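Have a look at the structure below before the remarks.
The values are calculated or read from the model by the stated rules, or taken from the named source; none is laboratory data. Predicted model only: the values in this text are computed from it and were never measured. Cβ atoms come from the backbone with ideal geometry, glycine included; neighbour counts cover every protein chain shown.
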Amino acid sequence: MPFGFVSAWNKRRRSKSQDHSDPWIYKPAEFWQLEDQTPQTTKRRHGSSVFTLKEMEDATCSFSDDNLVGKGGFGRVYRGILKSGQVVAVKKMELLGIKEAEGELEFRVEVDILSRLDHPNLVSLIGYCADGKHRFLVYEYMHNGNLQDHLNGIKVRRMDWPQRLRVALGAAKGLAYLHSSSCVGIPIVHRDFKSTNILLDVNFEAKISDFGLAKLMPEGEETHVTARVFGTFGYFDPEYTSTGKLTLQSDVYAFGVVLLELLTGRRAVDLNQGPNDQNLVLQVRHLLNDCKMLRKVIDPDMIRNSYTIESIFMFANLASRCVRPESNERPSMKDCVKEIQIIICTNTKGLGMVMHSLRML
Ligand SMILES: Nc1ncnc2c1ncn2[C@@H]1O[C@H](COP(=O)(O)OP(=O)(O)OP(=O)(O)O)[C@@H](O)[C@H]1O
Ligand SMILES: [Mg+2]
């Protein structure tokens, strides 16, 4: 929960010294700007916009059901049009049980962090509204909704393999960016990476959303932080759930689960299946490195002539390494980006050869 996490963070901040060299201490955006002069930080030079409740109501026709695009654990998401004509997604946060003053501070802390992040594969935060007890986050609008709906949800059109590979690559690049120190000077772990948090724009390019659970990672020797377990069933790193040790590799595990969803078209957790088949990783992990068995788990809705078995095998192999129980045996997100680029080349070349041989006939 975003506010739970920021609250824990603030508590820790209060209990520690005010030394700004400690990566655990929250630093306001201005502080980061002084310290970090890299070009990434300058793109948002206008900062996030601040909206009033009236502006949010006007944008969404008073939060009419016609504008409702989704509902998540933290509230509802509406499509809206700002006065400028820009189409946006307005996330109306439900903040039950949070004291007003504390909620306000924490909300601003979160927005400060979010507004530092800037990458083509991350959903942009345009602004926010903190008016009385109301809290909204305003994001760029993603016309094609979330990935899960295209794989096994409400959307009719099923994605072909090159499209799925492109989504995997975009998501990998977004996560690799968070894990690198380039956004706010130190690595960030997403903590709730999943197929409903991968949104698709008008060209089906993937962008990662919901950084509310993001947690800044400490630098130096310490490579993990302990925290309350947040996230979503089906995507939990087993090491994280058993020890509470949160690492960047916890995101890699969740990324591996999304790769399996792309490959099989199945859900990370499907309660309609029998007790042994509800968890996707447990269901398919033992089949991923067996070429013959692998064919049985390929999404039957995927157009057959859009993939080569070789690229599927490489993809499944990468997924199986991402979901290894031992976090130090998983690849980094940077490695995942490189591997997916190779897989895309392999598939393109393979299909080109098939087309070529068909033309020869
Ligand atoms: N920027 C956006 N543009 C278009 N649609 C969006 C946007 N953000 C969210 N949505 C839609 O609203 C839905 C609900 O989003 P929300 O983030 O609240 O919940 P979730 O990610 O589905 O689940 P959870 O609360 O467990 O994280 C998403 O699944 C997506 O379909
Ligand atoms: Mg979400």
Quiz prompt | strands (runs of 3 or more DSSP E) lying entirely in the range 66-153 (those with 2 or more residues that are at pLDDT below 95 and closer than 15 Å to L199 by Cβ) | solution = 68-72, 125-131, 134-140
Self-check item: Among residues of the range 56-82, those that are touching a residue at least 24 places away in the same chain (Cβ under 8 Å), within 15 Å of ligand 2 (Cβ to nearest atom) and small (G, A, S), counted
Solution: 3
Quiz item: Just to be sure, is I188 of a type in the set (A, V, I, L, M) and free of Cβ contacts under 8 Å to residues at least 24 places away in the same chain?
Solution: no
Quiz item: Which of the residues spanning the range 266-279 are touching a helix residue (DSSP H, G or I) at 6+ places or on another chain (Cβ under 9 Å) and either part of a loop (DSSP other than H, G, I, E, B) or modelled with pLDDT of 95 or more (or both)?
Solution: R266, R267, A268, D270, Q273
Quiz item: Can you find even one residue in the range 300-319 that is within 18 Å of L175 (Cβ to Cβ), surrounded by fewer than 20 Cβ atoms within 10 Å (Cβ to Cβ) and not small (G, A, S)?
Solution: no
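Say we look at the range 178-194 and pick out the residues that are within 14 Å of ligand 1 (Cβ to nearest atom) and farther than 17 Å from C336 by Cα; which of these is modelled with the highest pLDDT?
Within the range 178-194, the first condition is being within 14 Å of ligand 1 (Cβ to nearest atom), and the residues that meet it are 190-194.
Restricting the remaining residues to those that are farther than 17 Å from C336 by Cα gives 191-192.
Values: R191: 85, D192: 88.
Across the range 178-194, the extreme among qualifying residues is D192.
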Self-check item: Residue list for the range 195-247, filter: crowded, with 22+ Cβ neighbours inside 10 Å, modelled with pLDDT of 90 or more and away from ligand 2 (no atom under 15 Å from the Cβ)
Solution: D237
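Scan the range 280-296 residue by residue and report those that are under 21 Å from F233 (Cα atoms) and surrounded by 13 or more Cβ atoms within 10 Å (Cβ to Cβ). Lay out the reasoning, then the answer.
Going residue by residue through the range 280-296, those that are under 21 Å from F233 (Cα atoms) are 280-286.
Matches in the range 280-296: L280, V281, Q283, V284, R285.
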